[in-house]
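Peer 1: Would you mind keeping the following structure in view while I ask a few things?
Values quoted throughout were computed directly from the atomic coordinates according to the rules given, and no laboratory measurement underlies them. Everything quoted here is computed from the prediction, not taken from an experiment. Glycine gets a Cβ as well: all are built from the backbone with ideal geometry, and neighbour counts include every protein chain shown.
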Amino acid sequence: MPTAGNPIVYGSWDKAPGKPTVLIYAHYDVQPVKESEWDNPPFTPVIKDGKIFGRGSSDDKSGVMISIWAVESMLKTDGKLPVNVKFLFEGEEEIGSPNFKDFLGKNKELLHTDFAVTGDDAQYSDSVPSINLSSRGSVQLQFNVKTANTDAHSGQFGGKTPNAVVAMSQIISSFYDKQGNVAVDGFYDKVLPITPQQKETIKKINYNPATDMKILGTTAEVGDTSYSPLERVWYRPTLEIIGMQGGYTAPEGHSNIIPGNAMARITCRLVNNQNGDEIVDMIKKHINKNSPVGVTVSYKFKPGYASPMTTPSDTKAFSYIAETLSKVYGKQPIKMSTGGTGGAMLSFKEILGVYAYSLGFLQADEKSHAANEFFRTSSIRRGQIVYCYYLQHVADEESKLKK
């Protein structure tokens, strides 16, 4: 189905009259790749050591395919489903879902549902289930620095000519203070304090920072130490430089130049009531204020941003998910938050009037968004079982309520 951007993939099975409807969301778009960083071609899946390697194998082709395979297995086995099911697969989640809300509004009647789940989410581990109840928003910005019409000979012009890469570095260093906080004026003005309930949630998580450091191969943690690592990841905003380019960067050789142009891309993760458009304006003002002499700055920005999202845990929709995970895993799911972004989730509540609860099987070490991304084949089977049990459980529990 067309949108102003990439199309939406929609499908439904509606042969259970009088039964509730479950809408299953996932996204088929993926992050870009640098093929030279991959051990195998990123778009040719390779199965090795119980893992599927390939771009999007975890985020979020797993969410798309597990839900389809679960429904397929029920139809092959029983010839029917216990509830009505609607699939909704988006193609722009990785850029903030800019056209998703408009699509929902134009197709509100078609997409009417009693329950919604998102396959674009994670479990705590192979043996410990979890449900994410909040996510951060995001907004992106690119800015370009120009100091000359062309790169200059460093011998002929060095010592008097402004360097675009140096200017870019100076601007970027001005974004942060010594404590690791964002130094952009107003950046934290609308950030609400972390609540006692959120602090209690974190206390219940068996989290060891060393585990993440081992996964990533890092040797230090950064950020404001007045907040714990999970507080910083779940409930505090960030400003990250996701890429820079300028000067001579070919793999071989050494060009003696003074770069005339440089570029940087920024992603900010947003929390509670931060406004992405306001954040971008703050960053622009900061860059303009902190640009060295001789610099011209231009900006590239797509209107719109993904808002942060919180879902309650006192609804029957939540309880159906929690009871399903408890049955399959043999233990209660952990209530968690995520530092990532699910731009479409807020639109479900605003347009369709339902919360989309997490029911995905990604894991933190699967290198989503990085080279050599993978997904565990064992999670495919477990995910199928969870979805099959969940659909039947919704039907059973809703039938009891009608009696």
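Peer 1: Sort Ser73, Ser173 so the one with the fewest other Cβ atoms within 10 Å of its own Cβ comes first.
Peer 2: Working: Ser73 14, Ser173 10.
Least crowded to most crowded, the residues run Ser173, Ser73.
Peer 1: Tell me which residues come under 5 Å, amide H to amide H, from Ser337 once H is placed; ignore anything under 5 positions away on its chain.
Peer 2: Leu133
Peer 1: Another question, then. Sort out for me the Cα centre separation of the range 236-274 from the range 325-379, rounded to whole Å.
Peer 2: The range 236-274 and the range 325-379 have Cα centres spaced 29 Å from each other.
Peer 1: With a ≥ b ≥ c taken as the square roots of the eigenvalues of the C-alpha gyration tensor of the range 8-70, please select rounded if a/c is under 1.5 and otherwise prolate if a/b is larger than b/c or oblate if it is not? All intermediate terms of the calculation are to be shown ahead of the outcome.
Peer 2: Working: a/c = 4.39, a/b = 2.47, b/c = 1.78.
Since a/c reaches 1.5 and a/b is larger than b/c, the shape of the range 8-70 is classed as prolate.
Peer 1: Expressed as a whole number of Å, what is the distance separating the alpha-carbon centroids of the range 88-128 and the range 162-180?
Peer 2: 37
Peer 1: Of all DSSP beta bridges in the chain, what percent run antiparallel (nearest 5)?
Peer 2: Here the share of antiparallel DSSP bridges comes out near 70 percent.
Peer 1: Rounded if a/c is under 1.5, else prolate if a/b beats b/c, else oblate: with a ≥ b ≥ c from the C-alpha gyration tensor eigenvalues square-rooted, which is the chain?
Peer 2: On the way: a/c = 2.00, a/b = 1.87, b/c = 1.07.
The shape class here is prolate.
Peer 1: Out of every Cα pair in the range 175-302, what percent are spaced more than 26 Å from each other? Display every interim value, and only then the final one.
Peer 2: Working: 3213 of 8128 pairs.
Of all Cα-Cα distances in the range 175-302, 40 percent exceed 26 Å.
Peer 1: Give me the percent relative contact order of the range 23-112, please, defined on Cα pairs under 8 angstrom at least 6 residues apart. Provide the component values of the computation, followed by the final result.
Peer 2: Details: 85 pairs, mean separation 35.0, N = 90.
This gives 39 percent for the range 23-112.
Peer 1: Could you list Val9, Val293, Val117, Val233 in order of exposure, starting from the residue whose Cβ has the fewest other Cβ atoms within 10 Å? Don't skip to the end; give the middle numbers.
Peer 2: On the way: Val9 15, Val293 7, Val117 28, Val233 20.
Ranked by crowding around the Cβ, least crowded first: Val293, Val9, Val233, Val117.
Peer 1: May I ask you to derive the relative contact order of the chain, considering only C-alpha pairs under 8 Å and at least 6 residues apart, and to give it as an integer percent? Don't skip to the end; give the middle numbers.
Peer 2: On the way: 775 pairs, mean separation 125.0, N = 403.
Computed value for the chain: 31 percent relative contact order.
Peer 1: Hey, another quick one. What value does the range 45-102 have for Rg/Rh, both radii from Cα atoms and Rh as Kirkwood defines it? Each step should come with its number before you reach the end.
Peer 2: Numbers: Rg = 14.9 Å, Rh = 13.8 Å.
Here Rg/Rh amounts to 1.08.
Peer 1: Further question on the same structure: According to the Cα gyration tensor, what semi-axes, each the square root of 5 times an eigenvalue, does the equivalent ellipsoid of the range 116-166 have, listed from largest to smallest in whole Å? The partial results should precede the final answer.
Peer 2: On the way: eigenvalues 541, 40, 15 Å².
After scaling each eigenvalue by five and taking roots: 52, 14, 9 Å.
Peer 1: A further question follows. Kindly work out what percent of the DSSP beta bridges joining two residues of the range 1-98 are antiparallel, to the nearest 5. Can you show the working numbers first?
Peer 2: Details: 8 of 15 bridges.
Close to 55 percent.
Peer 1: Now, a different point. Which residue fluctuates the most in the chain, going by a Gaussian network model with Cα springs under 10 Å, if the choices are Ser169, Ser337, Ser57?
Peer 2: In the Gaussian network model the winner is Ser169.
Peer 1: Now for a separate question. In what order do Asp314, Asp102 fall by count of nearby beta-carbon atoms within 10 Å, going from fewest to most?
Peer 2: Values: Asp314 6, Asp102 14.
Ordered from fewest to most neighbouring Cβ atoms within 10 Å, Asp314, Asp102 come out as Asp314, Asp102.
Peer 1: Let me ask another. How would the range 1-140 be classified by its alpha-carbon gyration tensor: rounded, prolate or oblate, with rounded meaning a/c under 1.5 and the a/b versus b/c comparison settling the rest?
Peer 2: Working: a/c = 1.79, a/b = 1.29, b/c = 1.39.
Taking the square roots of the gyration eigenvalues as a ≥ b ≥ c, the range 1-140 is oblate.
Peer 1: When only C-alpha pairs under 8 Å and at least 6 residues apart count, what is the relative contact order of the range 177-332, in percent?
Peer 2: Computed over the range 177-332, the figure is 22 percent.
Peer 1: Among Lys108/Lys349; Lys101/Lys302; Lys101/Lys316; Lys19/Lys316; Lys335/Lys403, which pairs are too far apart, with a Cα-Cα distance over 21 Å?
Peer 2: On the way: Lys108/Lys349 12 Å; Lys101/Lys302 16 Å; Lys101/Lys316 25 Å; Lys19/Lys316 16 Å; Lys335/Lys403 31 Å.
From Lys108/Lys349; Lys101/Lys302; Lys101/Lys316; Lys19/Lys316; Lys335/Lys403, over 21 Å: Lys101/Lys316; Lys335/Lys403.
Peer 1: Can you show me the helix-derived [θ] at 222 nm for the chain, built from DSSP H runs with n ≥ 4 at -39,500 (n - 2.57) apiece and divided by the number of residues, rounded to the nearest 500. Display every interim value, and only then the final one.
Peer 2: Numbers: 11 runs with 122 residues, N = 403.
The helix contribution divided over the chain gives -9000 deg cm²/dmol.
Peer 1: Separate question: Counting other Cβ atoms within 10 Å of each Cβ, which trypsin sites (Lys or Arg not before Pro) in the range 306-359 have at most 16 and sit in a DSSP loop? Intermediate results must be reported in sequence, preceding the final value.
Peer 2: Numbers: sites: Lys316, Lys327, Lys331, Lys335, Lys349; in loops: Lys331.
In loop regions of the range 306-359 (DSSP not H, G, I, E or B), the sparsely surrounded trypsin sites (Lys or Arg not before Pro) are Lys331.
Peer 1: Another question, then. I want to check a number: in the range 27-86, how many lysine pairs have alpha carbons closer than 29 Å, given a sequence separation of 8 or more or different chains?
Peer 2: Eligible lysine pairs with Cα atoms under 29 Å apart amount to 12.
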